[in-house]
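Structure record follows, encoded as structure tokens.
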Amino acid sequence: MRLVRFHTRKLEPTYGWVYGEKIGLIEGVPYGDYRRLEAEIDIHSVELLPPTQPSKIICVGRNYIEHAKEHGVEVPEVPLLFLKPPSTLIGNGMPIVLPPQSNQVEHEAELAVVIGKRGRWIAPGDAAEYVFGYTVANDVTARDLQRRDGQWTRGKGFDTFCPVGPWIETDLDAFDLLITCRVNQDIRQMASTRDMVFSIPQLIAYASSFMTLEPGDLLLTGTPAGVSPLAAGDVVEVSIEGIGELTNPVVEEAQIA
Ligand code: MG
């Protein structure tokens with residue numbers, strides 16, 4: 001199933017499921033008991049929202065060897081985790097806003113895991129039970145601030161720095177999926193999820209060894225090589241095989257103030 005969150009002029013934010021170009025409403029809770037109602041809403045008539053409302057966005061740094069190399073840093077011996085605040089979230093089509101504090105905002109195309117069940121101390125062998133599905137994410141980063149601050153809260157944490165969507169795909173084997181990032185149609189990143197240093201079960205086990213994972217939480221699994229700066233007027237498209245394409249325009253903060 002493809003799960004979306006959306007709203008329209010008449011409809012408050014709600015969950016739906018995608019059937020071709022149509023959306024059907026979801027009755028109940030997507031992470032629990034639900035029923036799919038008939039798909040009769042035109043997908044082009046709605047505004048898509050981030051497809052989940054996570055209590056936290058867990059991210060992994062340097063989880064692809066080639067990306068660590070391009071920054072001249074070692075691949076860590078244990079997963080290097082950090083958090084983005086939920087206020088960074090935007091949906092498909094919404095603008096990434098370049099803040100005036102940074103001169104180097106970059107895209108990071110990433111596969112995101114959506115947690116479906118509360119858990120702590122999850123063993124790698126049990127991790128699949130806690131996965132609800134997968135979506136496409138862009139771990140937008142103010143690289144200059146990330147370097148200058150020493151820790152990453154500000155560089156990774158500006159509003160709009162976590163585009164996610166367009167939907168969650170619940171039926172997918174995520175072991176070997178092609179991730180591509182295009183900026184203005186120009187390919188910047190292309191790699192397979194099989195090149196991850198730490199696998200998804202290892203990441204779930206490690207994160208849940210110190211924090212309780214909740215339904216809806218996001219785990220961004222790291223970016224491959226090829227990150228590059230964004231400028232106002234750019235359009236960034238991240239696509240992942242078997243899921244779909246996440247497209248966001250880039251604007252300067254002054255343009256929306
Ligand atoms: Mg990242």
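Residue count for the range 216-246 satisfying the condition of being open to solvent by 30 Å² or more (accessible area, probe 1.4 Å), at pLDDT 95 or above and out of contact with any Ser or Thr (no Cβ under 9 Å at 6 or more places or on another chain): 5. Return the residues of the range 123-136 that are part of a helix (DSSP H, G or I) and hydrophobic (A, V, I, L, M, F, W, C); say none if nothing qualifies. Those that are part of a helix (DSSP H, G or I) and hydrophobic (A, V, I, L, M, F, W, C): 127, 128. Output the residue which, of all residues in the range 137-184 that are at positive phi and in a loop (DSSP other than H, G, I, E, B), is surrounded by the most Cβ atoms within 10 Å (Cβ to Cβ). Filtering first and then ranking leaves 160. When the test is whether a residue is acidic (Asp, Glu), within 13 Å of the ligand (Cβ to nearest atom) and under 26 Å from residue 49 (Cβ atoms), residue 70 does not pass it. If only residues of the range 227-257 that are farther than 18 Å from residue 103 by Cα and assigned to a loop (DSSP other than H, G, I, E, B) are counted, the one that is farthest from the ligand (Cβ to nearest atom) is 257. Consider the range 106-132 and keep the residues that are crowded, with 24+ Cβ neighbours inside 10 Å and not acidic (Asp, Glu). The one that is farthest from residue 172 (Cα to Cα) is 107. Regarding the range 177-198, can at least one residue be identified that is over 17 Å from the mean Cα position of the chain (by Cα), in the same structural domain as residue 92 (by TED's automatic domain parsing), within 16 Å of residue 133 (Cα to Cα) and in contact (Cβ under 8 Å) with a residue 60 or more places away in the chain? Scanning the range 177-198 turns up no residue that is over 17 Å from the mean Cα position of the chain (by Cα), in the same structural domain as residue 92 (by TED's automatic domain parsing), within 16 Å of residue 133 (Cα to Cα) and in contact (Cβ under 8 Å) with a residue 60 or more places away in the chain. For the range 207-214, the criterion of a residue being within 16 Å of the ligand (Cβ to nearest atom) and over 24 Å from residue 97 (Cβ atoms) is satisfied by at least one position. Selection of the range 26-43 for residues being under 23 Å from the mean Cα position of the chain (by Cα) and either assigned by TED's automatic domain parsing to the domain that holds residue 172 or surrounded by 14 or more Cβ atoms within 10 Å (Cβ to Cβ) (or both) yields 26, 30, 31, 43.
The values are calculated or read from the model by the stated rules, or taken from the named source; none is laboratory data. Bear in mind the structure is a predicted one, so any value in this text is a computation, not a measurement. Every residue, glycine among them, receives a Cβ derived from its backbone with ideal geometry; neighbour counts consider all protein chains shown. Heavy atoms of the whole protein, side chains included, go into the accessibility calculation; ligands, DNA and RNA do not. Shrake-Rupley method; radii C 1.70, N 1.55, O 1.52, S 1.80 Å.
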